[in-house]
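Undergrad: First the structure, which I've put down as structure tokens, then a few questions once you've had a look.
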Amino acid sequence: MNADFFETIIEGHLDHVSYFNAENHYTIAKIKTPGVENPITVVGFMAAVSPGESLKISGSWETHPRYGQQLRIKTYEVTLPGTVDGIKKYLESGIIKGIGPSLAGRIVDYFGPMSLEVIEKHPERLLEISGIGKAKSALIRNAWKDHHSVRSLMQFLQEMGVKTSYCGKILKAYGDNAVDILREDPYCAAKDIPGAGFYIADAIAGKLGFLQDKPERVRACIIHLLEQGANDGHVFLYGRKLIDNCRNYFQIEYDAVVDGVGFLSDTGDIVVENKSGHFETDAVYLKELHQAETGLADRLLAYLSIPVNTLSIDADEITAKVQKKLAIKLSDEQINVIGGIFSHRIAVITGGPGTGKTTLIRSVAAIFDSVGKKVELAAPTGRAARRLSEVTGRKAQTIHRLLGYNAIDGFFDKNQDNPIDAEAVIIDEASMVDTILMYSLIKAVPVTAALILVGDIFQLPSVGPGNILSDMIGSEKIPVFYLSKIFRQAEESPIIINAHRVCQGEFPLFHEPETSAGISEFCFIEKNRPDLIGPVIVDLCKKIIPRFFGFDPVNDVQVLTPMHKGVAGTLNLNQVLQTALNPRPALIQVMGSSFKEGDKVMHLRNNYQKEVFNGDIGSIVSIDEKKKNLSVNYYDRIVDYGYEELDEISPAYAISVHKSQGSEYPVVIIPLVTEHYMLLQRNLLYTAITRGSKMVILIGSKRAFEIALKNDKPRERLSGLKEKLGVSRHGRGGAGLHEPA
């Protein structure tokens with residue numbers, strides 16, 4: 001969209017609401033203005049507005065490719081009528097529940113131009129009108145309050161410089177008294193509204209004149225920074241980092257930070273470790289993360305202390321059982337690993353692509369079956385669990401489902417008091433499991449059962465805080481079995497060969513294409529200008545790949561990119577690919593994304609009611625504009641979304657590398673540009689390459705490729721798990737708690 005940033009003010013009455021999201025109040029509506037024949041389309045955030053109401057809207061003009069010129073709302077206000085006739089028409093419209101045309105006439109006849117003021121400020125006077133009793137008066141009073149409290153909050157947020165898109169979250173937290181609550185204690189929002197709460201609170205407090213070192217602000221800032229650290233993957237932050245960030249970003253000085261940390265530590269909201277008399281080197285945790293990390297370490301150590309009833313099985317028996325059950329011939333390395341696994345209560349299996357991890361999972365599960373032991377298979381995401389089930393031929397589920405996640409209260413049904421009913425639990429893609437989920441899992445695994453974690457430590461770590469698989473291996477306390485032999489079939493795959501080369505920091509081998517398509521099974525297309533990457537990807541998806549290789553450009557090809565922003569990010573590439581691969585007109589536009597029938601979409605978070613999970617990819621099969629419903633086909637199962645639920649999906653022609661973890665696609669296209677330098681890391685490149693099963697095409701600059709290849713030191717994740725498992729801070733292999741720089 002092209003926007004004209006000159007602010008425009010229009011006045012008129014609301015004619016029609018085309019779209020309204022009840023969660024965040026995003027609205028598309030038509031406004032009739034005097035002297036203009038056609039209604040004006042306005043888009044943006046408006047709350048509690050109804051057809052017939054008079055509005056004054058300021059905003060900027062922009063041009064939508066399908067809908068044409070429209071006004072992007074910056075601020076708005078409702079102009080209540082001041083004349084008797086205007087008030088009567090307003091009340092007759094049905095805007096206020098409980099007041100119809102007849103009652104509206106009686107109210108206006110009795111109170112005249114004071115009618116609206118009476119309803120708002122003196123609703124008890126409505127009892128003076130014949131036919132209005134206490135129940136009716138209360139209904140009108142509450143309806144007016146509901147209608148106008150939302151509007152009052154929206155206007156309050158505008159005055160405070162807070163994005164009005166947060167109105168829904170604030171109302172959900174505080175209800176009708178939101179404005180009064182926020183005026184009295186803005187920093188309650190930092191605690192009660194996840195994500196943006198601190199910024200909301202700080203903006204309001206600043207406008208209201210709160211001092212920068214006010215204790216409530218300092219404490220809220222500390223919690224906010226620890227939460228921000230967790231979002232970046234850190235389990236804790238050092239005191240020095242807290243001090244620097246508080247001073248640099250929020251102008252809070254040293255003594256105030258120390259006092260704030262002390263207060264929060266006394267109240268139990270945070271935990272401070274390694275008190276050495278120097279706050280700068282202390283590790284400061286959010287309570288939940290400290291509890292999870294400490295509990296996880298304690299449970300792991302308990303596992304290691306319990307004697308194992310070793311399953312007596314030699315190499316010949318392993319070979320015979322696997323051959324009988326699966327008709328698979330194992331390598332000597334695999335046989336040795338299986339023999340070692342049955343000697344331990346908990347074990348880690350790790351290895352790169354083509355080393356037989358899946359075969360090992362199948363074999364271990366088959367041997368447990370053969371001796372009558374119940375096995376459960378699980379993975380962190382729905383897509384990874386589905387793939388695990390497909391390649392093993394066994395039931396597999398998400399860890400959340402295995403633990404009996406209760407979406408209503410946010411807890412797991414399975415725990416140490418109600419453990420998983422299994423004698424062996426095998427977790428695939430274990431590198432994706434974060435600290436809190438691993439703690440929940442290990443609490444629920446019976447201490448008499450075997451726990452086997454399978455993963456590739458060279459892939460990206462979990463999205464959530466911690467670096468669990470790597471820390472467990474680095475502790476040298478957990479038995480670890482490495483798979484290094486690449487099988488013959490895999491040795492012939494340039495994808496697997498080059499994935500291992502990238503893992504070792506070596507430049508991939510690019511072979512000359514065998515067809516006139518100009519591309520091969522694993523290739524690099526050099527484009528030094530980022531703006532050229534989109535057209536090349538479109539050409540590959542629309543023409544070259546379908547024509548020369550027979551892959552479906554929507555279902556078989558997946559674009560993976562490090563970032564969301566920029567011309568080579570997911571946001572732009574989704575728009576470009578949607579236009580090229582699905583030229584149908586857009587039927588819905590929500591928060592910058594448009595949806596059409598036939599679109600490829602991704603579900604963004606686990607939804608156990610719908611049985612669709614984070615990372616699931618499907619296609620839109622129908623959009624019903626009358627019923628305001630959209631239907632998506634996920635793996636031959638139709639899932640319906642109301643328009644108010646569309647923030648749960650996004651276009652998926654291009655997705656982030658992080659979102660692709662645990663998945664596999666026939667064809668992967670990976671743009672690499674120097675603008676992505678913040679995320680250009682070897683493990684990200686390795687993860688992206690290993691998502692492709694048939695073809696991998698890299699596009700971009702050699703410089704960006706070299707940056708990613710050389711950067712084998714991704715941003716350090718702060719965690720204390722290795723130390724809690726008994727590794728000295730300065731011990732061999734590095735420590736969980738590293739000294740701050």
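Undergrad: Within the stretch 442-468, track down each residue that is touching a Ser or Thr at 6+ places or on another chain (Cβ under 7 Å), open to solvent by 10 Å² or more (accessible area, probe 1.4 Å) and hydrophobic (A, V, I, L, M, F, W, C).
TA: Within the stretch 442-468, just 457 meets the criteria.
Undergrad: Residues that are under 40 Å from the mean Cα position of the chain (by Cα) and among the charged types (D, E, K, R): does the stretch 89-101 have at least one?
TA: There is at least one residue in the stretch 89-101 that is under 40 Å from the mean Cα position of the chain (by Cα) and among the charged types (D, E, K, R).
Undergrad: Output the residue which, of all residues in the stretch 407-428 that are β-branched (Val, Ile, Thr) and in contact with a strand residue (DSSP E or B) (Cβ under 7 Å, 6 or more places away or on another chain), is surrounded by the fewest Cβ atoms within 10 Å (Cβ to Cβ).
TA: 420
Undergrad: So which residues in the stretch 39-70 are surrounded by fewer than 16 Cβ atoms within 10 Å (Cβ to Cβ), over 30 Å from residue 97 (Cβ atoms) and more than 31 Å from the chain's Cα centre (by Cα), if there are any at all?
TA: 68, 69 - these are the residues of the stretch 39-70 that are surrounded by fewer than 16 Cβ atoms within 10 Å (Cβ to Cβ), over 30 Å from residue 97 (Cβ atoms) and more than 31 Å from the chain's Cα centre (by Cα).
Undergrad: Under 7 Å between Cβ atoms, at least 6 apart or on separate chains: pull out the pairs that start in the stretch 181-209 with a residue that is surrounded by fewer than 15 Cβ atoms within 10 Å (Cβ to Cβ) and end on any residue that is assigned to a helix (DSSP H, G or I) and of a type in the set (A, V, I, L, M, F, W, C).
TA: 183/208; 207/160
Condition check ((1) within 30 Å of residue 297 (Cβ to Cβ); (2) at pLDDT 90 or above) across all residues:
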position	(1), (2)
455	yes, yes
476	yes, yes
484	yes, no
514	no, no
532	no, yes
552	no, yes
555	no, yes
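Undergrad: Let me ask something else. Scan the stretch 230-255 and report the pairs whose first residue is in contact (Cβ under 8 Å) with a residue 60 or more places away in the chain and whose second residue is polar (S, T, N, Q), with Cβ atoms within less than 6 Å and a gap of 6+ or a chain change.
TA: Pairs found: 235/435; 235/719.
Undergrad: Which residue pairs have Cβ atoms closer than 7 Å, lie 6 or more positions apart in sequence or on different chains, and pair a first residue in the stretch 291-317 that is more than 16 Å from residue 477 (Cβ to Cβ) with a second residue that is at pLDDT 95 or above and open to solvent by less than 40 Å² (accessible area, probe 1.4 Å)?
TA: Pairs that qualify, where the first residue is more than 16 Å from residue 477 (Cβ to Cβ) and the partner is at pLDDT 95 or above and open to solvent by less than 40 Å² (accessible area, probe 1.4 Å), are 292/435.
Undergrad: Which strands (runs of 3 or more DSSP E) does the stretch 25-73 wholly contain that include 3 or more residues that are of a type in the set (S, T, N, Q) and either in contact (Cβ under 8 Å) with a residue 12 or more places away in the chain or more than 21 Å from residue 168 (Cα to Cα) (or both)?
TA: Per the criteria, 54-64.
Undergrad: Tell me which residues, restricted to the stretch 615-638, are surrounded by 15 or more Cβ atoms within 10 Å (Cβ to Cβ) and closer than 22 Å to residue 661 by Cβ.
TA: Hits for the stretch 615-638 are 615, 616, 617, 618, 619, 632, 634.
Undergrad: Follow-up question, since we're still on this one. Which residue is surrounded by the fewest Cβ atoms within 10 Å (Cβ to Cβ), if the candidates are limited to the stretch 210-219 and must be part of a helix (DSSP H, G or I) and touching a Pro at 6+ places or on another chain (Cβ under 9 Å)?
TA: 216
Undergrad: Only residues that are of a type in the set (A, V, I, L, M, F, W, C), touching a strand residue (DSSP E or B) at 6+ places or on another chain (Cβ under 7 Å) and more than 19 Å from residue 397 (Cβ to Cβ): list them for the stretch 341-379, please. Before the answer, list the steps.
TA: Taking the stretch 341-379 first, the residues of a type in the set (A, V, I, L, M, F, W, C) are 341-342, 346-349, 360-361, 364-368, 371, 375, 377-379.
Next, only the ones that are touching a strand residue (DSSP E or B) at 6+ places or on another chain (Cβ under 7 Å) stay: 341, 346-349, 360-361, 364-365, 368, 375, 377-379.
Scanning the stretch 341-379 gives 341, 346, 347, 348, 349, 360.
Undergrad: To continue, here is another question. Tally the residues that are crowded, with 19+ Cβ neighbours inside 10 Å, in contact (Cβ under 8 Å) with a residue 60 or more places away in the chain and under 16 Å from the mean Cα position of the chain (by Cα), restricting the search to the stretch 564-610.
TA: Residues in the stretch 564-610 being crowded, with 19+ Cβ neighbours inside 10 Å, in contact (Cβ under 8 Å) with a residue 60 or more places away in the chain and under 16 Å from the mean Cα position of the chain (by Cα): 2 in total.
Undergrad: Select from the stretch 647-705 the residues that are more than 26 Å from residue 603 (Cβ to Cβ) and of a type in the set (D, E, K, R) and list them in ascending order.
TA: Of everything in the stretch 647-705, those that are more than 26 Å from residue 603 (Cβ to Cβ) and of a type in the set (D, E, K, R) turn out to be 675, 682, 702, 703.
Undergrad: Take the stretch 697-726 and flag every residue that is within 30 Å of residue 519 (Cα to Cα) and more than 26 Å from the chain's Cα centre (by Cα). Outline the logic, then answer.
TA: Restricting attention to the stretch 697-726, the residues satisfying the condition of being within 30 Å of residue 519 (Cα to Cα) are 697-712.
Residues satisfying the conditions are 697, 699, 700, 701, 702, 703, 704, 705, 706, 707, 709, 710.
Undergrad: Now a separate question. Being closer than 22 Å to residue 9 by Cα and aliphatic (A, V, I, L, M), is that true of even one residue in the stretch 101-123?
TA: no
Undergrad: If you take the residues of the stretch 693-726 that are β-branched (Val, Ile, Thr) and open to solvent by less than 10 Å² (accessible area, probe 1.4 Å), which of them is farthest from residue 492 (Cα to Cα)?
TA: The residue in question is 699.
Undergrad: Restricting to the stretch 666-680, name every residue that is open to solvent by less than 20 Å² (accessible area, probe 1.4 Å) and modelled with pLDDT of 90 or more.
TA: Step one: filter the stretch 666-680 for residues open to solvent by less than 20 Å² (accessible area, probe 1.4 Å), giving 667-673, 676, 680.
Within the stretch 666-680, 667, 668, 669, 670, 671, 672, 673 meet the criteria.
Undergrad: To continue, here is another question. Report every pair of residues separated by at least 6 positions or lying on different chains whose Cβ atoms are under 7 Å apart, first residue within the stretch 157-169 and part of a helix (DSSP H, G or I), second open to solvent by 60 Å² or more (accessible area, probe 1.4 Å).
TA: From residues that are part of a helix (DSSP H, G or I), the pairs are 160/207; 168/23.
Undergrad: Restricting to the stretch 18-38, give me the number of residues that are open to solvent by 40 Å² or more (accessible area, probe 1.4 Å), at pLDDT below 85 and either in contact with a Gly (Cβ under 6 Å, 6 or more places away or on another chain) or of a type in the set (A, V, I, L, M, F, W, C) (or both).
TA: Of the residues in that region, 4 qualify.
Undergrad: Let me ask another. Kindly establish whether residue 498 is within 33 Å of the chain's Cα centre (by Cα), surrounded by fewer than 18 Cβ atoms within 10 Å (Cβ to Cβ) and modelled with pLDDT under 95.
TA: no
Undergrad: Applying the selection to the stretch 51-60, what residues are farther than 14 Å from residue 32 by Cβ and touching a Gly at 6+ places or on another chain (Cβ under 9 Å)?
TA: Hit for the stretch 51-60 is 59, nothing else.
Undergrad: While we're on this one: Taking only pairs six or more apart or across chains, which ones have beta-carbon atoms under 8 Å, a first residue in the stretch 372-398 that is touching a residue at least 12 places away in the same chain (Cβ under 8 Å) and in a loop (DSSP other than H, G, I, E, B), and a second residue that is aromatic (Phe, Trp, Tyr) and open to solvent by less than 30 Å² (accessible area, probe 1.4 Å)?
TA: If the second residue must be aromatic (Phe, Trp, Tyr) and open to solvent by less than 30 Å² (accessible area, probe 1.4 Å), the pairs left are 374/368; 381/613.
Undergrad: A further question follows. Of the numbered conditions (1) at pLDDT below 95; (2) small (Gly, Ala, Ser); (3) touching a Lys or Arg at 6+ places or on another chain (Cβ under 9 Å), residue 384 fails exactly one; give the number of that condition.
TA: (3)
Undergrad: Starting from the stretch 719-732, take each residue that is part of a loop (DSSP other than H, G, I, E, B) and list its partners that are modelled with pLDDT under 90 and surrounded by 14 or more Cβ atoms within 10 Å (Cβ to Cβ), counting only C-beta distances under 7 angstrom and pairs at least six apart or across chains.
TA: Hits for this filter: 719/736; 720/736; 720/737; 727/735; 727/736; 728/735; 729/735; 729/737.
Undergrad: Filter the stretch 336-356 for residues that are surrounded by 20 or more Cβ atoms within 10 Å (Cβ to Cβ) and part of a helix (DSSP H, G or I) and give the result.
TA: 337, 338, 341
Undergrad: Oh, and also: Restricting attention to the stretch 423-457, which residues are outside any loop (DSSP other than H, G, I, E, B) and either among the β-branched types (Val, Ile, Thr) or over 21 Å from residue 395 (Cβ atoms) (or both)?
TA: Scanning the stretch 423-457 gives 425, 426, 427, 431, 435, 436, 438, 439, 442, 443, 452, 454.
The values are calculated or read from the model by the stated rules, or taken from the named source; none is laboratory data. The shown structure was predicted, so the numbers you read here are calculated from the model rather than taken from an experiment. Reconstructed Cβ throughout: ideal geometry from the backbone, glycine too, with neighbour counts over all protein chains shown. Keep in mind that these areas ignore ligands, DNA and RNA; they rest on the heavy atoms of the full protein, side chains included. Shrake-Rupley method; radii C 1.70, N 1.55, O 1.52, S 1.80 Å.
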